[in-house]
Amino acid sequence: MTGAADGPVLTLRGERVGLGPLREDLLNTLHLRWGNDLAATMMQGPVGFATPASGRRYFDHRTGSPDIDEFLVYELATMRPIGTTNLHHIDRNERRAEIAYNIMEHDCRRKDYGYEAARLTLDYAFTALGLHRVEAQVYAYNTASIGLTRKLGFTQFGRARQSHWASGRYWDTLLFDMLRDEFDSPVLASHFALSDEPDGA
């Protein structure tokens with residue numbers, strides 16, 4: 001981890017964004033503001049209202065569950081948090097997980113911040129955790145996220161038909177996956193030995 005004494009802790013640092021742990025001190029600002037931004041949250045799933053109580057439940061669940069690793073995304077130029085990424089449904093026996101990524105600050109969209117943040121999260125998944133497979137699920141109406149997922153190198157392997165209700169109709173969910181040998185580590189490869197050979201082989 002890196003970070004100045006008076007600044008946020010960063011777990012991973014890219015060229016323009018960094019990833020750090022969730023912060024309890026931001027619950028009543030970021031959670032309430034981002035969680036009540038309907039234009040953004042409807043792209044992620046069922047719409048609801050964020051409250052201080054739901055913020056507490058969200059923080060406790062995301063930081064206390066062994067099958068979730070969630071990060072705040074920081075814009076390095078300003079060191080302000082601009083969104084989140086996470087790995088969820090982490091299965092350490094089968095070495096697989098699902099990924100989600102959201103840039104919540106409107107002025108930080110369409111700048112490839114989401115692409116870089118997602119690549120850092122994939123680097124963490126494949127290189128630090130040693131996962132073999134990562135999946136992504138994207139609603140069919142979220143064309144920006146579909147484009148980003150494909151740009152990252154994911155392959156669409158399926159479609160869950162009419163699986164999500166939004167804006168008065170059912171939408172398909174597109175299913176993507178990526179394998180470890182389909183990803184080039186942007187940061188962590190120099191810190192971890194990527195080898196399928198056992199120690200001493």
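Throughout, read-outs are computed from the coordinates displayed, never taken from laboratory work. What you are looking at is a predicted structure, and each value in this text was computed from that prediction instead of being measured.
Summary of computed values
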{"item": "Per-selection Kirkwood Rh - the range 12-190 (Cα, Å, 1 d.p.)", "result": "16.8 Å"}
{"item": "Ellipticity estimate at 222 nm from DSSP helix runs (n ≥ 4, -39,500 (n - 2.57)) divided over the chain, nearest 500", "result": "-5500 deg cm²/dmol"}
